[in-house]
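Where a number appears in this text, it was derived from the coordinates with a stated rule and is not lab data. Nothing here was measured: the structure is a model prediction, and the numbers come from that model. All Cβ positions, even for glycine, are placed from backbone atoms using ideal geometry, and neighbour counts span all protein chains on display.
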């Protein structure tokens, strides 16, 4: 799942429409986006790993591992922001018009470095890394609360943080709050992963089968409804729809349906795990195992491709999407960007 989500992010960010992948993924405009599920799965893995650290090595080791990860992501995020800013400024100075929006063209080098270092300015297509930094800094607190059986409090705090940007001016903290709810919901699920599996395993066979089919059906319906609404924008113009499902991670129900969608997708993938592994899994599994590397690699291609050509017809755009995924796959195999991500 993580491999699919990080692979499709390349097509979503490039946003060359119309295309085959654009028709399938909705370009991040469905009721649940790939990015939201990507944060959920990242949090899930963190919850599993940090619980293991806590139980095997204690709270200090658990916190240190999380903060070290935050430090590495911080260095990569700041470096990429400065690198993309330099490339963007050089391109803009030479008359390139397809430079990504949000470029800081006026700050002095010292001011630019300060803003990037304080995470008040991020640029490029790897900005998720900036959001991860405070999340990993807060993971030890979340895991400590979970170890005290306060999962409900973690969920409540995450959702309260999600609601804040739609009610108050939260400034630079808004992206962290809007994405953090998915990450920490995943952390709760990851911390209790074995407990959840045990609970499902203790269900009567008929109830267990009913639960699985209900999750799969819910995931399919969420995807189908989002696809239909995508092609009927007149149905999504009401204030109520915007309040509940507004894109850009502001709709109040989006964090509620995203875990349901992810759970149903997981059940469906496990059902067809063997044929998936033999086919598209040959690409998606390496992507999932190297998600940080894939995410950074795709950010370069998505940033640079518009300098060369823009969107055209359906088949051209589809071939561009697939070519980028293929090139990123080669990048995973050759590791030619490893100097940016030592140890990734």
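Which order do the peptides 21-33, 137-149 take when ranked by the mean count of other beta-carbon atoms within 10 Å per residue, highest first?
Values: 21-33: 20.8, 137-149: 17.8.
Packing proxy ranking, top to bottom: 21-33, 137-149.
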Inset, instruction - Could you calculate the contour length gain from residue 107 to residue 309, that is, 0.36 nm times the residue separation minus the distance between their Cα atoms, to one decimal place in nm? - result: 69.8 nm
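On a full-extension model of 0.36 nm per residue, what is the gain between residue 68 and residue 282, subtracting their alpha-carbon distance, rounded to one decimal in nm?
Value of the extension gain: 73.9 nm.
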Inset, instruction - Normalising by the residue count of the range 31-271, find the relative contact order in percent from Cα pairs under 8 Å and 6+ residues apart. - result: 30
Legend entry - 222 nm mean residue ellipticity, helices alone, for the chain (DSSP H n ≥ 4; -39,500 (n - 2.57); rounded to 500): -25000 deg cm²/dmol
Inset, instruction - Compute the distance in nm between two label points, each set 7 Å from the Cα along the Cα-to-Cβ direction, one at residue 147 and one at residue 173. - result: 2.6
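Which whole-number percent gives the relative contact order of the range 191-344, counting Cα pairs below 8 Å spaced six or more residues apart? Don't skip to the answer; put the middle values down first.
Details: 75 pairs, mean separation 32.2, N = 154.
Relative contact order comes out at 21 percent.
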Inset, instruction - Quick one: divide the alpha-carbon radius of gyration of the range 165-294 by 2.2 N^0.38 Å and tell me what you get. - result: 1.27
Inset, instruction - Rounded to the nearest Å, what's the spacing between the alpha carbon centres of the range 226-242 and the range 271-316? Just the number, please. - result: 28
Inset, instruction - Would you mind ranking 261, 237 by Cβ crowding within 10 Å, fewest neighbours first? - result: 237, 261
Inset, instruction - Give me Rg over Rh for the range 31-271, both radii from the alpha carbons and Rh done the Kirkwood way, two decimal places. - result: 1.02
Legend entry - Spacing of the two label points (7 Å from each Cα toward its C-beta) at residue 114 and residue 23, in nm: 5.2
Inset, instruction - Taking 7 Å along the Cα-to-C-beta vector as the label spot, tell me the residue 243-residue 98 distance in nanometres, rounded to one decimal. - result: 4.2
